[in-house]
Amino acid sequence: MATTRTILMNAVDIDRSLHRIALQIMEMNRGVDKLALVGIHTGGVFLADRLQTIIRQQEQREVPVGSLDITLYRDDWTQIAQLPIVKTTDIPFAVEGWTIILIDDVLYSGRTIRAALDAIMDIGRPRSIELGVLINRKCGRELPIQANYGGMDVMESRNEHVHVLLKEKFGCDEVILESHD
């Protein structure tokens, strides 16, 4: 079985997309009052931190940022691993009355986001929850969940997979589409 790798985004493309997402978030929320970013482990946490930096540069204000582990909220965690690796949830602000922007690297089936919604609601009741993703996979959605903010839409088939490599973990920024023939 042959594997083909296509670079969909390089570091410049990712940076450009994050700037666009940050501007859309500020525009749609008419600023950053009562706005917080929550990154979903692992890639979403890195992206939320980058978005916080971009927003700080634009608004000269600090937007709170948190991290969310959804491992035990997943409906398929027993299928993924017998001993799941649970990361840290760190939400250093009260979510009540805030607009929470969930940040993830890829939106595919919608199951991760459903789990994130459950986890947030266990913490408190925000004014609203929105979703920002770097990659919006358009095929394979299992739940009626869509992103409010997105970097790139990708139409792929079942024999293709999207890999988001971020410099914080992999030493480089790339989005790769891997096809198995």
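No lab work stands behind these numbers, since they all come straight from the coordinates. Because the structure is predicted, anything quoted here is derived from the model rather than measured. Here the Cβ positions follow ideal geometry from the backbone for every residue, glycine too, while neighbour counts run over all protein chains shown.
What net charge is computed for the residues neighbouring Leu47, neighbours being all others with C-beta under 10 Å from the C-beta of Leu47, Lys and Arg scored +1, Asp and Glu -1?
That sum, taken over residues with Cβ under 10 Å, equals -3.
Suppose every Lys and Arg Cβ carries +1 and every Asp and Glu Cβ carries -1, with no other charges. What dipole size does the range 12-156 come out with about its Cα centre, to the nearest 20 debye? Numbers along the way, then the final one.
Numbers: 16 positive and 20 negative charges, 44 e Å.
Dipole magnitude for the range 12-156 comes out near 200 debye.
Gaussian network model of the chain, Cα springs within a sub-10 Å range: biggest mean-square fluctuation belongs to which of Ser67, Ser157, Ser17?
Comparing Ser67, Ser157, Ser17 in the GNM, the peak value goes to Ser157.
Which one, Ser109, Ala36, Leu165, projects farthest toward the positive side of the charge dipole computed for the chain from Cβ point charges (K/R +1, D/E -1)?
Comparing the listed Cα positions along the dipole, Ala36 ranks first.
In percent, how large is the relative contact order of the chain, given Cα pairs closer than 8 Å and 6 or more residues apart?
Relative contact order, the chain: 27 percent.
Choose one answer from Val38, Val133, Val154: the residue with the largest mean-square fluctuation in a GNM of the chain with alpha-carbon springs under 10 Å.
Of the options given, Val154 has the highest mean-square fluctuation.
Summing +1 for each Lys or Arg and -1 for each Asp or Glu, what net charge is found among the other residues whose Cβ lies under 9 Å from the Cβ of Tyr108?
Net local charge, Tyr108 excluded: +2.
In whole Å, how far is the Cα centre of the range 6-60 from that of the range 83-122?
The two parts, judged by their Cα centres, are 16 Å apart.
Just for the Cα atoms in the range 12-156, what are the lengths along the principal axes, largest first, rounded to whole Å?
45, 36, 24
Output ³J(HN,Hα) for the range 100-117: one whole-Hz value per residue in order, computed from phi by the Karplus curve 6.51 cos²θ - 1.76 cosθ + 1.60 with θ = phi - 60°, and x for Gly and Pro.
Once rounded to whole Hz, the list reads 9, 9, 6, 10, 9, 7, 9, 9, 10, 6, x, 5, 5, 5, 4, 5, 5, 4.
Mind checking the range 99-179 for GluC sites (Glu not before Pro) that DSSP puts in a loop (not H, G, I, E or B) and that have at most 12 other Cβ atoms within 10 Å? Write out the running numbers ahead of the final one.
Values: sites: Glu130, Glu142, Glu156, Glu160, Glu168, Glu174, Glu178; in loops: Glu142, Glu156.
In loop regions of the range 99-179 (DSSP not H, G, I, E or B), the sparsely surrounded GluC sites (Glu not before Pro) are Glu142.
Just to confirm the filter: which trypsin sites (Lys or Arg not before Pro) across the range 102-178 are DSSP coil and have at most 14 other Cβ within 10 angstrom of their Cβ? Don't skip to the end; give the middle numbers.
Numbers: sites: Arg111, Arg114, Arg127, Arg137, Lys138, Arg141, Arg158, Lys167, Lys169; in loops: Arg127, Lys138, Arg141, Arg158.
Passing sites in the range 102-178 are Arg127, Lys138, Arg158.
Per DSSP helix of 4 or more residues, -39500 (n - 2.57); summed, then divided by the residues of the chain. What does that give at 222 nm, rounded to the nearest 500?
-9500 deg cm²/dmol
Given the options Ile14, Ile123, Ile103, state which has the largest fluctuation in a GNM of the chain using a 10 Å cut-off (strictly under) for Cα springs.
Between Ile14, Ile123, Ile103, it is Ile123 that shows the largest mean-square fluctuation.
Among all the lysines, which ones have a C-alpha under 19 Å from Lys169's C-alpha, if same-chain residues fewer than 8 places away are not counted?
Filter leaves Lys87.
Return one number: the angle in degrees, 0 to 90 and rounded to the nearest 10, between the long axis of the Cα atoms of helix 11-28 and the longest principal axis of the Cα atoms of the chain.
40 degrees
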